[in-house]
Each structure stands twice: as structure tokens, then as C-alpha cells.
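None of the figures in this text is laboratory data; all of them are computed from the coordinates on show. Predicted model only: the values in this text are computed from it and were never measured. For neighbour counting, all protein chains shown are included, and Cβ atoms are generated from backbone atoms with ideal geometry for every residue, glycine included.
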Amino acid sequence: MTEHDAITTHQAAEDARNDTILIWLNGRVVPKPEAVVSVYDSGFMLGDGVWEGLRLYDGRWAFLDEHLDRLFEAAKAIDLDIGMDRAGVAAALEETRRANGMESDAHARLMVTRGVKSRPFQHPSLSRQGPTVAIIMEHSKPSLPRPIRLATVPHIRGLPMSQDPKLNSHSKLNCILACIAAEKAGADEALMLDVNGFVNTTNACNFFIVRKGEVWTSTGDYCMNGITRQKVIDLCRANDIPVFERNYSLVDTYGADEAFLTGTFGAQTPVGEIDGRQIGSGELGPVTERIRGLYKALVAGECD
């Protein structure tokens, strides 16, 4: 595989409208070139912040309440005052959506940092000006030319006592290094194990396999508490698809009939190859396809 063959789980069709998008920054909607933050910002300087990714369908943000729950829970966990309540954040999203005239096939990245620091050092008390809040909203339609290729890497997600992987934090270097290692191995993205050597997650998405009609995913102890992940689990349970949150190994994974990733952007992304081994047919499998259909119907009902 050459560099030009590489794809990502966030692969999207090019859209010239994104050159002129308007961005929400600290209470103002500004043109893209004006959406700048200080080099003293704690997010830029230290990765000190949390974020959410949201998907727009038919003028509404899918599973908005769950995303706001996760945002405010993460902010509380790192002792960060967002400076707005839930209604204020939702209003900012709507203001940005309207300003950009977006109705569907759009993705928002909502970011909150501890704000501008008085001096360029670590201590959070140096962030005295209040949070920095930004919303980047782009026209974005997933466009994958083929299933994703994964490579297992030595990097693991953080331990709960160090950097809890359930936090959607700005500190993503561990996952970036995992992705680099996977690309060096000729894959698109990384498959990461947990601290006990069981299959866990990828650098960007939650991970599932299908074996003999059963859907398996990790225990959830060491991965992002993905909203799409939970929706897939719930859909399987509601539609008589056996689903298990369990420990399983690379041996189980290599022998799977299907594998797929879940995330807000791509929903369910098929995996065709792991560590040079073809998974099932190497294409979108029937169970994954059924789950895709169920998820699409769920989103349509949510955003109706």
C-alpha cells in the first residue's frame, strides 16, 4: 500500500463550501480566517480541554442529549466550567447551523478548553480568563472507497488512574502515535489492545467483530464510552441479534466473519483487513449491513 492508498474513518467527499464556513468562537460567529485562539490558550499549550463530535441529519443533531451529557460530565471530571448551561450550548450549535445554512450531511466539532493562560506553564490556576469555546461545523458526507485496513499497534489507551479513556479530551497524542504506527505498517488506522492484551478499540473509533451471527465488542472498561457504540449494542438487544461486551483476543478477531467500527461521523464502517489478514469476505458483511439499516432508521426517528 502506498501513502496515496491510505484512507481514514473520517474520509469525506471534498466540498468547496467548507472554504467559507462560519465558526462559533466565544459567543461570536466569525469567518474561518478570523477563528483564531491565543498561543497562550491551554488547549493549544497543553491539550487541556474536552470536545464532542455531532452529526446533523435533516436539520437536527442526532442524539444531542447524550452528547451534551457526555460533554458536561467530562467537563466536571476535569473541573472545567464551560461557562454555559446545556441550553446555551444547544443554542450555540443552532446559531452556527443557521449561519452556515446547513440542513444535513454536516459534522460539528464542539471544543472547550480551560482558556487563555496568564503565563506559559501547566498549573490550571493560570487560566484566569474563562473557557475558550469553539464550534467548527463543516459540510461533510462520508466517502469511503473501500473497507478500512487496521494494524495492531503496541500503544494502549490510557488507564483510568492516568488518563481515563472515557474522557473525550484534547490530549490525543497517544492515539495519534498509534495511528502513525499503523500507517507505518501499511494500514489505515490502528487496532489498540487493552492493558490485559485483549482487543479494545481503534485510535479513532470503537471496534466490533461478528462471529457466527454474534456481535462482540470490548468490555468497555478501557475505551471511549461511544454514543454510537451504545446505540449499536441497544439495537442488537432490541432486534434479537446476540451481542456481548466481553474480553476477546486477536485470535478471535482474525477468525471473525465480519468487523466494523462505530463513531458519530461514519456510523458503522466496515473493516476488510487486520494485520494483513482478510476478515470474512473483506467487504461489508450481512450483519453489519443489517445493523446499518437499523441505525439509519433510529436516526431517522430521532431527527424526524
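Quick notes on this one:
- Any hit, the range 131-146, residues being more than 15 Å from the chain's Cα centre (by Cα) and more than 30 Å from Glu103 (Cα to Cα): no
- Criterion applied to Asp81, Asp164, Asp105 was being under 22 Å from Thr201 (Cβ atoms) and either among the small types (Gly, Ala, Ser) or in contact (Cβ under 8 Å) with a residue 12 or more places away in the chain (or both), and the one residue passing it is Asp164.
- Residue match in the range 63-84 (condition: in contact with an Asp or Glu (Cβ under 9 Å, 6 or more places away or on another chain) and within 15 Å of Ser140 (Cβ to Cβ)): no
- Residues that are more than 27 Å from Ala134 (Cβ to Cβ), in contact (Cβ under 8 Å) with a residue 24 or more places away in the chain and basic (Lys, Arg), drawn from the range 167-221: Arg211, Lys212
- Residue match in the range 242-259 (condition: charged (D, E, K, R), without any contact (Cβ under 8 Å) to a residue 24 or more places away in the chain and surrounded by fewer than 20 Cβ atoms within 10 Å (Cβ to Cβ)): no
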